[in-house]
Amino acid sequence: MAQVFPFRAFRYNPAQVRFDRVLTQPYDKITPAMQDNYYAADPHNLITVEKGRSQASDTTENNVYTRAAAALSDWIRGGILRQDPAPSFYAYSQEYTVPGTEERRIRRGFIGAGRLEDYSAGVVFRHEQTLSGPKADRLELLRHTRTHTGQLFMLYSDPLRRVDEILDEAESSTPDTEFCDEYGVIHRLSVVSRPRDISQIQCAMADQKLVIADGHHRYETALAYRDECRACALKKDPDAPFERVMMTFINTSSEGLTILPTHRTATHIHDFSWPAVRRYLEPWFAAEGFAFSNDAEKAEARKRFLASLDGARSRRGIGVYPAADSPRRAFYLLTLRDGANVTDLVPNVSPLQRELDVVLLHEGILEPALGITPQAVRAEAHLTYEREAVAALDAIDSGRQQISF
């Protein structure tokens, strides 16, 4: 089962820097504009390490990875980063507004070092296929810095909330770190170092299995780095640092979890034709169009489209926004027809997987109707991902993508 360990984290020294000027979003969420803003905010901003700038003069001796390693070393020597005196777990919470609402929620968990397990061991479970490009980038960064700077978001299930009770006590005092990021999310971190608390957390987690909610690329990068280090080691050492990776553990029985959609946008599709795609999907999906001819009509059409999409959850609704050459364009809502034989549409997966909308999208639409195979997804040949619907729709309007789901 899951093995978790306290560790001595390196953290920013609040006497030297302001947290809101040096901490960043996860690397895969950072746009070029955000990267520029982080660089301008503070010379010690984590962007230098997490997602540094490439330069035309880069060489094998001087590049984003060597500069990241050099920055970490300089910051440690200069006291910008300080290592905690005792191995600890870290109570961590994020107070945020649920997108599209005014509701505030708090997601709570703890940060620790989790033992790396191969998927075959049945301890850590994934739900995504990974891409080669991001893993190569993260692995090269890890080789140079030998430091984990990004979080793995891991879910576990404990209805008794044994760990949560310890975290609640830790959060009852003033947090060791607190700041508000550019999205209005308030981050709070408290050190949990009492031996009794550490022991109780480890005992509570010992019977747990873990699901990667976010961070599949980081996890598989850590596995690859572990295997490299094992090959170079003279003897087996289960307690070697490379056998563990920093993780954030969230109890699914805690309040504050919100599942939001990830939007797929596709491009470089040979002979793309939305009418042809619709004809292919006709036996399984009914299509409702929300047409518009100008920006004013578009806003109203989009409002009705999103409302209908939200109301189609029980009917396996999937929203589509295709590029079109004609002046009259439209959003579309695909809903699974009553009595449709999903087994014929997605024949190569289990009955439980067929109940997942993401499987229906990838196996039933992207691959057969658009020719986007799993191999093409892993090679990043066609798909990109957007967290926000607005960004996905803008990618179509700008001509950068052909279709969005």
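The values are calculated or read from the model by the stated rules, or taken from the named source; none is laboratory data. All values reported here derive from a predicted model rather than from experimental measurement. Cβ sites come from the backbone with ideal geometry, for glycine too, and all protein chains shown count toward neighbours. Calculation scope for accessible area: heavy atoms of the full protein, side chains included, ligands and nucleic acids excluded. Shrake-Rupley method; radii C 1.70, N 1.55, O 1.52, S 1.80 Å.
Report relative contact order for the stretch 4-251 in percent, whole number only (criteria: Cα-Cα under 8 Å, sequence separation at least 6).
Numbers: 384 pairs, mean separation 66.7, N = 248.
27 percent.
When nucleic acids and ligands are ignored and a 1.4 Å probe is applied, V377 ends up with an accessible area of around 20 Å².
Once you sort the root eigenvalues of the Cα gyration tensor of the stretch 263-404 as a ≥ b ≥ c, which label holds: rounded (a/c under 1.5), prolate (a/b larger than b/c) or oblate (the other case)? Numbers along the way, then the final one.
Working: a/c = 1.73, a/b = 1.27, b/c = 1.36.
In terms of gyration-tensor shape, oblate.
For Cα extents along the principal axes in Å, the candidate list reads (i) 89, 54, 40; (ii) 64, 53, 47; (iii) 71, 54, 40; the entry that matches the value derived from this model is (ii).
The share of alpha-carbon pairs in the stretch 56-149 lying farther apart than 24 Å comes to 52%. Per atom type, the stretch 4-251 shows carbon and sulfur on 53% of its accessible surface, probed at 1.4 Å. What separates the Cα centres of the stretch 102-124 and the stretch 1-49 is a distance of 19 Å. Are there GluC sites (Glu not before Pro) in the stretch 79-155 that DSSP puts in a loop and that have at most 10 other Cβ atoms within 10 Å, and which ones? Passing both the DSSP loop test and the Cβ count: E102, E103. Rg of the Cα atoms in the stretch 269-334, relative to 2.2 N^0.38 Å, amounts to 1.14.
Multiplying each eigenvalue of the alpha-carbon gyration tensor of the stretch 1-159 by 5 and taking the square root yields semi-axes of 27, 21, 19 Å, largest first, rounded to whole angstroms. The residues of the chain expose, per residue, 53 Å² of accessible area to a 1.4 Å probe. Here the Karplus relation 6.51 cos²θ - 1.76 cosθ + 1.60, evaluated at θ = phi - 60°, turns the backbone of the stretch 106-120 into coupling constants of 10, 9, 10, x, 9, 9, x, 9, x, 5, 6, 10, 5, 4, 5 Hz, with x for every Gly and Pro.
Summarising the amide proton neighbourhood of Y90: residues at separation of 5 or more, or on other chains, whose placed amide H is nearer than 5 Å comprise I111, V192. Projected over every direction and averaged, the convex hull enclosing the alpha-carbon atoms of the stretch 118-230 yields 9.6 nm². Checked against a 32 Å cut-off, the cross-linked pairs K135/K235; K135/K209; K135/K303; K209/K235; K209/K236 give Cα-Cα distances beyond that limit for K135/K303. Residue order by solvent-accessible surface for T248, T149 is T149, T248, largest first, with ligands and nucleic acids left out and a 1.4 Å probe. The phi torsions of the stretch 49-65, fed into the Karplus equation with coefficients 6.51, -1.76 and 1.60 and a -60° offset, translate into couplings of 9, 5, 7, x, 7, 7, 10, 4, 8, 4, 10, 5, 8, 9, 8, 4, 7 Hz, rounded to whole numbers, with Gly and Pro shown as x. Would you grab the residues whose amide H sits under 5 Å from the one on T177? Only those 5+ places off in sequence or on another chain, please, with H modelled 1.01 Å from N. Long-range HN contacts for T177: L189. Annotation for the stretch 67-134: trypsin sites (Lys or Arg not before Pro) lying in DSSP loop with at most 16 further Cβ atoms inside 10 Å of their Cβ are R126.
The loop-placed GluC sites (Glu not before Pro) in the stretch 222-328, going by DSSP, that have at most 13 neighbouring Cβ atoms within 10 Å of their Cβ come out as E255. If you sort R53, R302 by accessible surface, 1.4 Å probe, largest first, the order is R53, R302.
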